[in-house]
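For reference, the structure is listed below as structure tokens.
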Amino acid sequence: MKPNDFDSVTAVIQNYFDGLHQGDVTKLRSIFHHDVCLKAPGIRRTMTQWLADVANRPIPAQQGQAFEFKLLSIDVVKDQAMVKIQCPLFDFNYIDFIGLLKEDDHWLIVSKMYTDITLN
């Protein structure tokens, strides 16, 4: 791992948090590989489907929602990384496992698994 790889992966995750909070589809698209599949129990979505959902929902920042995203863990091994994050959004409290690969000297999200841990 190069010394800046950890920082580069962290920067991608910060852009993910910012993109979610601001509803910034362009920023989100820039950090995902085009063939990513987003998976939750019983749900499979392409990046295009997910970004359409983001574009058509209220924007958390404009709704006055607090920025409470958290980086829980990060593991970088050579040209791959696995990140665990907490993403409170609206009435949900998601835990995401984000997989990233470094290709052509650029880190991109290649997988996203998520589940809502909100207790009802």
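The values are calculated or read from the model by the stated rules, or taken from the named source; none is laboratory data. No experiment lies behind these values; they were computed from the predicted model shown. Backbone-built Cβ (ideal geometry, glycine too); neighbour counts: all protein chains shown.
In the set Asp5, Asp91, only one residue is more than 12 Å from the chain's Cα centre (by Cα) and under 23 Å from Leu119 (Cα atoms); that residue is Asp91. Outside any loop (DSSP other than H, G, I, E, B), among the acidic types (Asp, Glu) and more than 22 Å from Ile117 (Cα to Cα): is that true of Asp35 in this structure? Spelling it out, Asp35 is indeed outside any loop (DSSP other than H, G, I, E, B), among the acidic types (Asp, Glu) and more than 22 Å from Ile117 (Cα to Cα).
From the list Ala61, Ala55, the lone residue that is of a type in the set (Gly, Ala, Ser), surrounded by 14 or more Cβ atoms within 10 Å (Cβ to Cβ) and out of contact with any Leu (no Cβ under 7 Å at 6 or more places or on another chain) is Ala61. When restricted to residues that are part of a strand (DSSP E or B), surrounded by fewer than 17 Cβ atoms within 10 Å (Cβ to Cβ), in contact with a strand residue (DSSP E or B) (Cβ under 9 Å, 6 or more places away or on another chain) and touching a residue at least 40 places away in the same chain (Cβ under 8 Å), region 64-102 contains 3. Is it fair to say Met47 is free of Cβ contacts under 8 Å to residues at least 24 places away in the same chain, in contact with a Cys (Cβ under 9 Å, 6 or more places away or on another chain) and either more than 20 Å from Ser111 (Cβ to Cβ) or among the hydrophobic types (A, V, I, L, M, F, W, C) (or both)? Judged against the criteria, Met47 is a match. Among the residues in region 24-32, are any polar (S, T, N, Q), surrounded by 15 or more Cβ atoms within 10 Å (Cβ to Cβ) and either under 22 Å from Asn4 (Cα atoms) or modelled with pLDDT of 95 or more (or both)? Taking every residue of region 24-32 in turn, none turns out to be polar (S, T, N, Q), surrounded by 15 or more Cβ atoms within 10 Å (Cβ to Cβ) and either under 22 Å from Asn4 (Cα atoms) or modelled with pLDDT of 95 or more (or both).
Restricting attention to region 1-36, and to residues there that are in contact with a helix residue (DSSP H, G or I) (Cβ under 8 Å, 6 or more places away or on another chain) and hydrophobic (A, V, I, L, M, F, W, C), which single residue is farthest from Phe69 (Cα to Cα)? Residue satisfying both the conditions and the ranking: Val36.
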